[in-house]
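A.B. asks: Starting off with a structure, shown below.
Just so you know, all these numbers are worked out from the coordinates, no wet-lab data involved. Given the structure is predicted, the values throughout are model-derived calculations rather than measurements. Using ideal geometry, Cβ is built from the backbone for each residue, glycine included, and neighbour counts are taken over all protein chains shown.
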Amino acid sequence: MASSEFKPPYFVGIDLGGTNIKCGIVDSEGQPLLEKAVEVLTEPEQGADHTLSNMVRAAQEAVQRSGLGWDAIETVGLGSPGTMDLERGILLEPVNLRGPGWINYPICERLEQALGKRVAFQNDANAAAYGEYWAGAGKGTRSMVLFTLGTGIGCGIIVNGLILEGRHSHGAECGHIVIRMKEGEEDQPRVCGCGRAGCLEAYASATALLKRAEEGLAAGVDTALRDQWETTPAAERAKLIDDLNKQGDGFCRKLMRDTAYYLAVGATCLMHTIDPDMIVFGGGMTKGGPLLLEWIRENVKRLAFPLPAEQTQIVYAKLGGDAGYIGAAGCAKLLAEGRLR
Ligand code: BGC
């Protein structure tokens with residue numbers, strides 16, 4: 001319920017994920033009004049229009065739960081997986097939204113029509129990065145990079161308060177930086193969900209972690225994972241791997257250590273490109289505690305130039321799973337202030 005502790009105007013933030021849609025109301029200083037954001041299923045396989053109606057339902061419910069009317073809402077922000085054309089407000093070929101109608105989908109216009117509000121459109125990881133910069137781990141930094149580790153690997157880069165969108169809205173698509181090249185005819189780097197080979201996402205996303213685990217199981221490695229794999233739902237398998245890693249299972253330890261190495265390669269590429277104050281890791285895979293982060297830091301120390309290796313802060317996100325919708329609401333604020341298209 002809105003009270004004097006919150007500062008108007010208010011913004012709706014929507015985080016469109018491959019599995020869930022998260023939606024909340026945020027005040028002008030980045031404070032969420034609802035204790036818990038509204039969460040509904042994305043159901044992308046049922047088509048883009050169906051997902052749109054799920055987003056609208058979530059937004060209506062969030063506004064209702066906040067006790068505010070739509071009159072009190074200034075603008076809406078939407079963070080969505082790419083690829084996208086931000087100026088035209090359309091999705092191009094979203095790698096992690098598969099189903100009818102997603103290619104070249106005019107998502108922004110449809111959402112504006114349905115909600116009767118102007119919509120700020122942003123890549124999901126750019127929005128999450130802005131959320132961490134505005135109200136989370138990156139508060140007070142001048143430049144930061146966020147990697148989101150989930151179904152895909154998202155990335156957002158903020159420099160002096162500006163979100164790096166790039167000429168074609170493909171800026172900071174760092175889940176698709178190539179970390180492994182083909183060395184010869186026999187050599188096949190891993191194929192990514194985007195259809196290309198060698199992407200960071202094909203090695204270090206949660207999806208890739210499960211794939212590497214399955215390959216090991218099929219090859220007959222000795223691991224405690226084998227007994228629990230089939231009975232564990234797919235959504236909980238990454239956590240299972242990390243739990244067994246912490247219990248000392250050698251195979252799971254290698255899977256997680258390799259993940260940390262790949263992520264450190266990604267982080268180092270960014271450090272050697274923009275030399276940011278801070279690199280932040282967020283998303284489901286960071287929920288397992290500090291070990292992964294420690295391993296990423298160890299690898300960065302070996303891979304990066306000494307000065308950035310020593311001084312760049314490498315931390316976990318602070319807003320957890322809320323960064324996406326809080327940042328989307330932050331983008332809505334930028335739109336209302338004429339600082340975003
Ligand atoms: C997409 C990005 C997105 C990320 C996380 C990647 O596959 O290309 O645009 O930010 O997944 O959803």
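A.B. asks: If Lys and Arg each add +1 and Asp and Glu each add -1, what is the summed charge of the other residues whose beta carbon sits under 9 Å from the beta carbon of GLU74?
C.D. replies: Working: positive: LYS117, ARG118, LYS333; negative: none.
Summing Lys and Arg as +1 and Asp and Glu as -1 gives +3.
A.B. asks: Further question on the same structure: Evaluate the charge dipole of the chain about its Cα centre and quote only its size in Debye, nearest 20, assuming +1 on the Cβ of each Lys and Arg and -1 on the Cβ of each Asp and Glu.
C.D. replies: On the way: 34 positive and 43 negative charges, 84 e Å.
For the chain, the charge dipole is close to 400 debye.
A.B. asks: Ignoring everything except DSSP H segments at least 4 long, calculate the 222 nm mean residue ellipticity for the chain; use -39,500 (n - 2.57) per segment, divide by total residues, nearest 500. Can you show the working numbers first?
C.D. replies: On the way: 11 runs with 130 residues, N = 341.
Calculated mean residue ellipticity at 222 nm is -12000 deg cm²/dmol.
A.B. asks: If packing is taken as the average count of other Cβ atoms within 10 Å, what order do 142-155, 183-196, 125-138 fall into, highest mean first?
C.D. replies: Details: 142-155: 26.4, 183-196: 12.7, 125-138: 29.2.
The peptides rank, most packed first, as 125-138, 142-155, 183-196.
A.B. asks: Another question, then. Per-residue counts of other Cβ atoms within 10 Å, averaged by peptide: what ranking do you get for 206-216, 99-109, highest first?
C.D. replies: Working: 206-216: 18.4, 99-109: 16.7.
Most protected by this proxy first, the peptides run 206-216, 99-109.
A.B. asks: Going 7 Å from the Cα of SER53 along its beta-carbon direction, which residues of the range 100-137 have the amide nitrogen within less than 19 Å of the resulting point?
C.D. replies: 100-103, 105-116
A.B. asks: VAL40 to ASP277: extension gain in nm, 0.36 nm per residue of separation minus the Cα-Cα distance? Before the final figure, lay out the partial values.
C.D. replies: Values: separation 237, 0.36 × 237 = 85.32 nm, distance 3.50 nm.
Result: 81.8 nm gained on full extension.
A.B. asks: Based on the alpha-carbon set only, what is the convex hull volume of the range 106-168 divided per residue, in Å³?
C.D. replies: Hull volume over Cα atoms, normalised by residue count, gives 120 Å³.
A.B. asks: Additional query: Could you tell me how many degrees, from 0 to 90 and to the nearest 10, lie between the Cα long axis of helix 250-274 and the main elongation axis, the longest principal axis, of the Cα atoms of the chain?
C.D. replies: Once rounded, the angle reads 60 degrees.
A.B. asks: Beta carbons within 10 angstrom, averaged per residue: use that to sort the peptides 161-171, 265-275, 320-330, highest first. All intermediate terms of the calculation are to be shown ahead of the outcome.
C.D. replies: Working: 161-171: 15.5, 265-275: 18.5, 320-330: 29.8.
For the peptides 161-171, 265-275, 320-330, the packing ranking is 320-330, 265-275, 161-171.
A.B. asks: May I ask which of LYS36/LYS333; LYS117/LYS318; LYS36/LYS318; LYS117/LYS139 have a Cα-Cα span longer than 18 Å here? Please list the in-between numbers first.
C.D. replies: Numbers: LYS36/LYS333 21 Å; LYS117/LYS318 29 Å; LYS36/LYS318 16 Å; LYS117/LYS139 28 Å.
Flagged as over cut-off: LYS36/LYS333; LYS117/LYS318; LYS117/LYS139.
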